[in-house]
Every structure is written in C-alpha cells, then in structure tokens.
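None of the figures in this text is laboratory data; all of them are computed from the coordinates on show. This is a predicted model, so every value here is computed, not measured. Here the Cβ positions follow ideal geometry from the backbone for every residue, glycine too, while neighbour counts run over all protein chains shown.
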Amino acid sequence: MSTTSMSLETLQFLLQHLDANRRFEIYNRCPALRAIEKTVPLKINSLTLMGNCVTVNDTTYGFGIIRRYNVGDTPHYVAASNERGGVDYEVDRYGVRDELDAHTVTPGDVDTKVREEPWIPDENFRIRRLENQIQIYEARLAQQRERRRNTARTEKNIEAVRAKLFEYQCRRENIPPNYEHFLQLTTSRTVDEQEQRTIERYAHNKKFSEAKKQLTTVLFGDRNSPIYVTNFTFVCSQGVIRLPVGLKLHVEKLKLGGDVGRILEALAPIFHETSFPLKKLEIDLLQGDNINHPIAQAARILKIMMISLDFQQNILAITNPVVRIIVMMLSEQTLEGLIGNWIDLKRPIGTEHTILIQQEPLFAFEMEDILKRINGVPIDDENVLIPMTAGTQLKVSYGPFPEFAPRVKWAVRFSTVVTEH
C-alpha cells in the first residue's frame, strides 16, 4: 500500500473520531482538506436548530446584523444590540426591518410558518406611532424631573425611539445615514464555566437569510452520508430554518415544541429513513390530536413536558410503548380513571407510563387503600398488582423520589407485566 493511501486512510480515521466542531475548524482553515472532510461520516452528540443560530455540542454559531456609527455617539440600544451579536433579522441600509426576508423559503429550508405572508404595516403609521411614543416619553421625563426622580431609563427610551424614527426619515428623504451595517458571525462556547467568543464580521452585501443558509451549508452541506445526531432539538414553532439542499439527519432522540404534527411534517424531508422509529421524542405539550403524526406514534419513548386539562382523554390516544409525563398535580379521580382505562384497553406487555408529579398528591398516604378498592394486591410499600387478563397484570409503582424517578418529588408508574403462577 502506498504512502499516499496510508495517509488518506489515517486522515479519514482521525476525522471520524474528532469532535464535529474541530472538523468544522479544519474545513475552514485547510482548504486542501475540504473535499475529504465532507466524505467522512459526521457524528454529533447534540444539535440544536433555532431561528438565528445553530448549536453543535458545546459550540453555538449565530449570525446577526450590527450597526457601526461613522459620526456621532452610538445609541445605547444599538450598543446593547451589537454586544448581543446584532439583530436577528434583515435590515435595509437605513436599518429598517425587511419583513419579507424572514418569510422567503428556498430549497432545503424547513418551513414552519403559520401565515404565508407577513403583515407589513403602513410606513406612515409606523412614523406616527414613533412620534407619539416620543411625546409620551417626553411628558414622562418632564414629570420625573419635576419630582426629582431618576430619568436615565426614560432618556434611553427617548434616544432609542428617536434613532428608530431617524431610520424612516432617512429612507423617506433618501438621506445617507451616518452608520453602516455588517453581518457578524459569533461563535461561542463555554470552557471551565467561562464563555469564549470569536467574532467575524463581513460586509452586509447579502440578505440575512442567505448568510444563515451559507453557514449551515458550510457546516452540514454536500456530505456523502447522513449526519448522525444523538440528540436533536428543534426550536422554531413558527418561522423558517435555513438549511442546505439534500441535508439528511439520522436522529436518535428528538425534542421539539409547538404544534407537533405540523412541525414533524415540516422536518420529515431532512430525516433519513434510518431514524425511525425514534428512540425518544420529547414534546412540550400534549393537547388534542397533536401526537397523531406517524413519527410521534412510532417513537419508542414519548416524554411530555406538560399536558392539557383533559389529561385522561388525551392520554387514551397514546400508543407508544414507554411514556413519561410531567404534571403539576394528579387527582385521585384522574388516577382511578387512568387505571380503569389501562385495564379496559388491555395495554400490551412492556407498555410503561410514568407520571412525574411536581407536588405530592393529596391522596399520597391513601394510595394503597385506593388501589385495594380496585382489586389491587400489594407486593410491598410501593408496588401493587391489579389483575387484567388471564396472563397479564397492571403493576402500579409509586412514592416520593422512587427508584424509577429518583429526582422527582412524587411519581407513579403503570406497567403491564406477565402474571406469575
């Protein structure tokens, strides 16, 4: 075997075992290695996609638009925005927000918008509103000075509104502003509990949406195989996430919020078929039919952070083998209803529902007596068996900080087990 092929194989091996962010650094700093970097399968432990930033493991990449004044002082609100990395939307040369850019969808993007077109208020209306705000703040400022109160906050508010009004005045009268805008890429990571930030600035010669898409294309685009992601968090219930054409993710565990069915439908094109069934799906809210999507129904573990008021009815529709639900409280009536429904549905062996309760229920000390009333047979202080069919039983486990949920104040677990003879 030649020295060249040996070096190539060694490089491929090293790349495969490097942290994803180190590989991105190699791609950016070593143009000669870009082609080979893209051919080696990429593995990510934790990936979070948001509207204006991407977090890969411990590193966040975020674009913003900053403003730099050529003449005069920088308004406080602009300085604060610049310090945060800039605004997360497109602006014209005057600084006026471009509402259409955020709604433009290009091939590869994930679109979770509810409204197809943005509402763009009349410019005259905006100017009048800003002028009215200045009058209100100035009246407040006069009162504060008369009463000898602190005026710093009101003065900053006036400064900010005047600066916004100046943007519209410059655009209306076609006056060149005394500032420029730049695209800023901020890369941040936490090392030894200290945030480390790297800043790169570019001329604002492309749309904000185009810059975000270019970023994700550099990180994830043009790869020969699906990107393997252990934990994928998607945070965009209404908007557009800019992604490269042809992106495919093999996802093990998925966390998302909002309308589950609608968002899963939007995400489906970027999921590689080997992702299913998901090992775990975590959602913010169980309400109505928002988990009827096939991807949600097939997940091996379903975790629900909050449930609507119709707790008992909503949980009937869940068919996932393992379910974990977080609730504030659980009533005795709901408990008995859940047990009755479980027995009526004859949930199969291996099914397990755990309810994590943030406050100890009022019936906690009566749990064994409650279960006995519905044919429960105690095994010990924290476990009761209830007959279901000739070959199966419902096992109810419960208590404060139980072994199956040691960090939770109180929990109850339902599971179908084989009847031992």
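The charge dipole of segment 328-421, taken about its Cα centre with unit charges on the Cβ of Lys, Arg, Asp and Glu (plus for the first two, minus for the last two), comes to roughly 320 debye.
Assuming R0 = 25 Å, can you tell me the calculated FRET efficiency for the pair GLU336 and GLU403, based on Cβ-Cβ distance, to the nearest 0.05? The pair GLU336/GLU403 has a calculated efficiency of 0.55. For LYS156, the lysines whose Cα falls under 20 Å of its own Cα, not counting residues fewer than eight places away in the same chain, are LYS164. Near ASP109, the amide H atoms lying under 5 Å from its own belong to LEU243; only residues 5 or more places off or on other chains count, and H is placed 1.01 Å from N. Considering only alpha-carbon pairs that sit under 8 angstrom and 6 or more positions apart, the relative contact order computed for segment 148-262 is 17 percent. Taking the charge dipole of the chain about its Cα centre, with +1 at Lys and Arg Cβ atoms and -1 at Asp and Glu Cβ atoms, the residue from GLY95, THR60, ALA364 reaching farthest to the positive side is GLY95.
Would you look at the GNM of the chain, springs on alpha carbons closer than 10 Å, and say which of LEU243, LEU285, LEU18 moves the most? Taking springs between Cα atoms under 10 Å, the residue moving most is LEU18. The modelled label-to-label distance between THR230 and THR104, using points 7 Å beyond Cα along the C-beta direction, is 3.8 nm.
In segment 4-113, which trypsin sites (Lys or Arg not before Pro) fall in coil by DSSP and have 14 or fewer other Cβ atoms within 10 Å? For trypsin sites (Lys or Arg not before Pro) across segment 4-113 that sit outside H, G, I, E and B with at most 14 neighbouring Cβ atoms in 10 Å, the list reads ARG84, ARG93. The Kirkwood radius of the chain, taken over pairs of alpha-carbon atoms, gives through the Stokes-Einstein law at 25 °C and 0.890 mPa s a diffusion coefficient of 95 µm² s⁻¹. Our estimate of slack between LEU345 and GLU146, defined as 0.36 nm per intervening residue step minus the Cα-Cα distance, is 64.4 nm.
Mean separation of Cα pairs under 8 Å and 6+ residues apart, divided by the residue count of segment 77-208: what relative contact order is that in percent?
Reported as a whole number, the value is 25 percent.
Ordering PHE401, ASN375, PRO387 by Cα displacement along the dipole of segment 328-421 toward the positive end leaves PRO387 in first place; charges were set at the Cβ atoms of Lys, Arg (+1) and Asp, Glu (-1).
Using a Gaussian network model of the chain in which every pair of alpha carbons under 10 angstrom is joined by a spring, one finds that among ALA139, ALA211, ALA80 the greatest mean-square fluctuation is at ALA139. Here the contact order of the chain, divided by its residue count and restricted to Cα pairs under 8 Å and six or more residues apart, works out to 12 percent.
Dipole size of segment 135-292 about its Cα centre, with +1 on Lys/Arg Cβ and -1 on Asp/Glu Cβ: approximately 580 debye, rounded to the nearest 20.
Applying a length cut-off of 15 Å (Cα extent along the axis) and a mean Kyte-Doolittle floor of -0.5 to the DSSP H helices of the chain leaves 3-16, 208-220, 332-345. A Förster radius of 30 Å combined with the Cβ-Cβ distance from SER7 to LYS248 puts the calculated FRET efficiency at roughly 0.55. In summary, the lysines within cross-link reach of LYS43, defined as a Cα separation below 21 angstrom excluding same-chain residues under 8 places away, comprise LYS213, LYS248, LYS253, LYS255, LYS279, LYS280.
Residue farthest toward the positive end of the dipole of the chain, with Cβ of Lys/Arg at +1 and Asp/Glu at -1: which of HIS353, VAL251, SER331? Ranked along the dipole, the leading option is VAL251. Overall, segment 1-40 carries a charge dipole of about 120 debye about its Cα centre when +1 sits on the Cβ of Lys and Arg and -1 on the Cβ of Asp and Glu, all other atoms neutral.
Note on THR39 and ARG68: their simple-model spin labels are 4.0 nm apart, each label 7 Å out from Cα toward Cβ.
List the aspartates and glutamates whose Cα sits under 20 Å from the Cα of LYS346, skipping any in the same chain fewer than 8 residues away. Candidates past the 8-residue exclusion: GLU336, GLU420. Between the beta carbons of GLN358 and ILE134, assuming R0 = 30 Å, the FRET efficiency works out to 0.05 to the nearest 0.05.
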